[in-house]
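Before any comments, here is the structure.
The values are calculated or read from the model by the stated rules, or taken from the named source; none is laboratory data. Note that the structure is a prediction, hence the values are computed from the model and not measured. Every residue, glycine among them, receives a Cβ derived from its backbone with ideal geometry; neighbour counts consider all protein chains shown.
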Amino acid sequence: MGAFWSVVAYAEVELPHPLSQGVVRGFLLRHLRYWAAKPAIFHADGTLNIGYAFPNMYMSEDYNSPQSVYWCLKTLISVGLPPSHAFWTCEELPHPLYFPNSELEVKEIKPPLQIVCNSNNHTFLLSSGQFCGWPLKATEAKYCKFAYSSAFAFSVPTGTLIQQMAPDSTLALSNDDGETWRVRWKSSHAGNGGLLYMSSDGNEQKIPTLVSTWKPWKLYDINVETTLIPPTKRWPDWHIRVHRIRFPALKHSITTMEGGFAIFGRQKESGLGLVELDFQHGDGKNKTQTEGRYESDGAALVVSRAGASGIRDLATSVESKGVVLKPDSNTNLLEQRTLIPMLRNELGKEEIMRENEYILVTGVFAVVAQHGVLDMSLEDLKLRWDDKPVILRPGDAVVAGEDYISL
């Protein structure tokens, strides 16, 4: 897109309001400043490397070459404009959709089956209908994850073990006690849906959702129906996933690992691993602590210079274990070392040899730091973390005066 806006300026294309020259200049120059601040995109000899923010062959394709990265030079076509041109003399303007205190916006994009979620803190995409049938390397990671964030980059696998797969923003299943794992690739069905949100004052609101049906393995009659629920104004830091997993009588259990957003996983100053976060009691004893990791039954959270990324069980029919996964290095596109908050479940462990159906209801939490600083205290963050969405399944009792989402 950087090249696109550069060509727009060079060709002097007149764009509709609010895309003025100042706005286009802002698009282009912010793009260039972003990449100029990432020195790891260069080899020691000054040539560009293959990767994203650092050398990473795991995310590359078989058609890449040392010359591929130099398509970026298209972005510099605007330097052909003379210094006196209005593009260089006009004021650089912010993004026309940026409002510092704007409320959450959720928009369905129906043709590709996606939902764009945008707040003044976090912008990300929920995706349901996309996949690439061609056996592209890491195709499940590049096209088929449940969410893609502009702040928390996704990860690609380096191997078949769970820490090598780095399954952020997806659900991984294993039928061999964790030796191998499968995630969503091809969906047999994908479409739009809707759920009901009920506020404490009695107002109803229909929430747009995405629904997909997929099979982890072709040879096993195991089916997963995934419903993606975007954030609401009541719970703007959370999006929700509902997985209905059906499988017939088996001689073994199914293990699931579900990941939130991958996040930078090191201490800001020292570069050492994150220490345990005293998030359970919130007694104010650790007011100086601003980063760390937290695991408990049904919840996992990571807080670092990138912000906060967490996941927690909302209404799952089996016991969940919160795990902070340490993926292999070079799996993530932006950060060489990340952590992924995850939930682990064992399905069918006590009910082997009869037909099973399980429903996993997961809340995914994210707060983005601005310029490497989380603009809130740990206590304030805990309040937002504890204010999790209330999910009512069929048959659950309504609590008077409480907001909820009805499945």
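Within the span defined as segment 106-125, every residue fails to be farther than 16 Å from residue 366 by Cβ, surrounded by 17 or more Cβ atoms within 10 Å (Cβ to Cβ) and among the hydroxyl-bearing types (Ser, Thr, Tyr). Regarding segment 163-176, can at least one residue be identified that is touching a strand residue (DSSP E or B) at 6+ places or on another chain (Cβ under 8 Å) and modelled with pLDDT under 95? Yes, some residue in segment 163-176 is touching a strand residue (DSSP E or B) at 6+ places or on another chain (Cβ under 8 Å) and modelled with pLDDT under 95. Here residue 65 passes the criteria (1) in a loop (DSSP other than H, G, I, E, B); (2) within 25 Å of residue 236 (Cβ to Cβ) except the one numbered (2). Residue pairs whose Cβ atoms lie under 9 Å apart, sitting 6 or more positions apart in sequence or on different chains, and linking a residue in segment 396-407 that is assigned to a loop (DSSP other than H, G, I, E, B) to a partner that is of a type in the set (Lys, Arg) and surrounded by 16 or more Cβ atoms within 10 Å (Cβ to Cβ), are 403/234. Residues in segment 77-93 that are exposed (fewer than 13 other Cβ atoms within 10 Å of the Cβ) and in contact with a helix residue (DSSP H, G or I) (Cβ under 9 Å, 6 or more places away or on another chain): 79, 80, 82, 83, 86, 91. Screening the candidates 220, 197 for the property of being modelled with pLDDT under 95 and surrounded by 19 or more Cβ atoms within 10 Å (Cβ to Cβ) yields one hit, 197. Can you tell me which residue is modelled with the lowest pLDDT among those in segment 242-255 that are of a type in the set (A, V, I, L, M, F, W, C) and more than 24 Å from the chain's Cα centre (by Cα)? Filtering first and then ranking leaves 250. Screening segment 147-194 for residues that are in contact (Cβ under 8 Å) with a residue 40 or more places away in the chain and among the acidic types (Asp, Glu) and picking the one that is surrounded by the most Cβ atoms within 10 Å (Cβ to Cβ) gives 168.
Out of curiosity, is residue 319 surrounded by fewer than 16 Cβ atoms within 10 Å (Cβ to Cβ) and either in a loop (DSSP other than H, G, I, E, B) or of a type outside the set (Lys, Arg) (or both)? Against the criterion (surrounded by fewer than 16 Cβ atoms within 10 Å (Cβ to Cβ) and either in a loop (DSSP other than H, G, I, E, B) or of a type outside the set (Lys, Arg) (or both)), residue 319 qualifies. For segment 29-36, the criterion of being among the basic types (Lys, Arg) and either outside any helix (DSSP H, G or I) or not assigned by TED's automatic domain parsing to the domain that holds residue 75 (or both) is met by none of the residues. Selection within segment 126-146: residues that are in contact with a strand residue (DSSP E or B) (Cβ under 7 Å, 6 or more places away or on another chain), closer than 25 Å to residue 105 by Cβ and at pLDDT below 95. The member of this set that is surrounded by the fewest Cβ atoms within 10 Å (Cβ to Cβ) is 129. If you filter segment 43-62 down to residues that are assigned to a loop (DSSP other than H, G, I, E, B) and aromatic (Phe, Trp, Tyr), you find that the one that is farthest from residue 156 (Cα to Cα) is 54. Could you count how many residues in segment 364-385 are surrounded by fewer than 19 Cβ atoms within 10 Å (Cβ to Cβ) and under 20 Å from the mean Cα position of the chain (by Cα)? Going through segment 364-385 one residue at a time, the tally reaches 5.
Residues in segment 199-241 that are over 22 Å from residue 119 (Cβ atoms) and aliphatic (A, V, I, L, M) were compared, and the one that is farthest from the chain's Cα centre (by Cα) is 219. All of (1) at pLDDT below 95; (2) under 23 Å from residue 323 (Cβ atoms) hold for residue 265 with one exception: (1).
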